[in-house]
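A short worksheet on the structure shown next.
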Amino acid sequence: MTDSRIAWILCSNRWNSAITEYALSTARALKLRGWTVFYSALADSPGESRARAYGVPGDSFTHFGLSEGWKLRRLSQRIKPDVIYLFGGPESFLSRLLPGIAKIRFRGHDKDVTEPLSVWKNRINMSHCVGILVPAKILQDRFAAVLDQPVETVYLGIDDKKFSFHVVSLLNANRPTLRILGRLDPIKGHQKFFEVYQELLKNWPKDRPKPFLEIIGQPANISESQLRDFAREQNLQEGQDWQLCTERMPDLGKRLSGTHVGVISSLGSEVICRVAEEFLLCGAPLFLSGVGSLEECLREKNFGHSFRGLDVKQTALLLEQALWQAFQEKEGTRRDRAQAARSFFSLESMGHSLEQALYLIKKADRSD
């Protein structure tokens, strides 16, 4: 807990990206902890509309260019923030016009994990910040090696009222059920996972009920017909072996609760890991590709498995074991898993971690 109670979030993201999600969760988490929070976004962006829907006020910008410097200073004088959170767009540079206010810069792009970090470039770009906020330990280790400022990890917080364990009927209560959630995009690894799933079905014991796979997601860079082609290439029968759902689900938490194993088959990205956390909060164990920071979601032994580094046959064998074990789980086991996940990945947990991170960052800043 700190004596700073007013936070101003500047986020110029135009899309509902994972970083936008993190910025909004930062606002909501601090608000739950009793902070006064303002959220300034691009006008008419998803971030703006969602922030207002969550009851977080703030003046938006048509752009974050230098010509908006006067507006930024005027708002700063009115808001009098104790801390400003920056999320990597032009607002991060513009914030240099506000000296004397603690600024914390979020870093959580895929390239922050996969590409070499330039010492001089990162130090110059973040020299005006008192500290760096990251969503995973893997990033904390990387940035701590190249920056002079303190780097603190705070995992994304999820609304555990929307995503929580429900006692529901599974999609196929008498069949072990797998589910993949996320946009239809090559990076999400659907095509590769179909190979694993076909191998799983081929070797599945005949005396056990046959698994079923549901894919939930809207087309992005893969169309529905392309996804169905991928399935046909593996001789998977839609309706018998798997199904696709592209509709938005108002009761998504219940759907995830009705999952024996949640699959994250991504081939890249997955630095913030929102979907993995949602599955856990709903009581479902994970089966992860291990890219990005996914393996950091496996905070407890029964949170799931990673198949990083395994070939198709090895992955299918591990999945067979994990799925059959999950199929036999009792309600209490799933409820306990969801409860444990709350301590790591809820908005309440994020709020506490944000306060602790701010305390440590300011403590380090005062000691210099």
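Observations, loosely collected:
- Among the listed pairs K31/K80; K121/K192; K103/K301; K188/K363; K137/K313, those beyond 28 Å (Cα-Cα): K121/K192; K103/K301; K188/K363; K137/K313
- For the residue pairs K202/K330; K111/K161; K161/K330; K162/K330, the alpha carbons lie more than 30 Å apart in K111/K161.
- Those trypsin sites (Lys or Arg not before Pro) in region 72-176 that DSSP places in a loop and that have at most 16 other beta carbons within 10 Å: K161, K162
- Tilt relative to the chain, helix 190-203 - C-alpha long axis, 0 to 90 degrees, to 10: 30 degrees
- This ranking places L227, L358, L117 by how few other beta-carbon atoms lie within 10 Å of each, fewest first, which gives L117, L227, L358.
- Phi to ³J(HN,Hα) by Karplus 6.51 cos²θ - 1.76 cosθ + 1.60 over region 52-57, Hz, x for Gly, Pro: 5, 5, 7, x, 9, x
- For region 91-102, the Karplus equation 6.51 cos²θ - 1.76 cosθ + 1.60, evaluated at θ = phi - 60°, returns couplings of 4, 5, 6, 4, 5, 4, 6, 10, x, x, 10, 5 Hz by residue, with Gly and Pro reported as x.
- Between G34, G108, G47, the GNM of the chain built on Cα springs shorter than 10 angstrom shows G34 fluctuating the most.
- In this structure the amide hydrogen of S12, modeled in the peptide plane, comes within under 5 Å of the amide hydrogens of F87, G89, E91, none closer than 5 places in sequence on its chain.
- Of the trypsin sites (Lys or Arg not before Pro) found in region 214-296, those in coil by DSSP whose Cβ has at most 12 other Cβ atoms within 10 Å are R248.
- Where only DSSP H runs of four or more residues are counted, the chain gives -12000 deg cm²/dmol as its mean residue ellipticity at 222 nm, each run worth -39500 (n - 2.57).
- For G189, the residues 5 or more places off, or on other chains, whose built amide H falls under 5 Å of its own are L267.
- Note that region 58-75 has calculated 3J(HN,Hα) couplings of x, 7, 9, 10, 6, 6, 10, x, 4, 5, 8, x, 4, 5, 4, 5, 4, 5 Hz, one per residue in order, obtained from phi through the Karplus relation 6.51 cos²θ - 1.76 cosθ + 1.60 (θ = phi - 60°); glycine and proline are x.
- For K254, a cut-off of 16 angstrom between C-alpha atoms picks up these aspartates and glutamates, skipping any fewer than 8 places away in its own chain: D159, D160, E214, E277, E278, E331.
No value in this document is a laboratory result; all are computed from the given coordinates. Please read all numbers here as calculations on a predicted model, not as lab measurements. Reconstructed Cβ throughout: ideal geometry from the backbone, glycine too, with neighbour counts over all protein chains shown.
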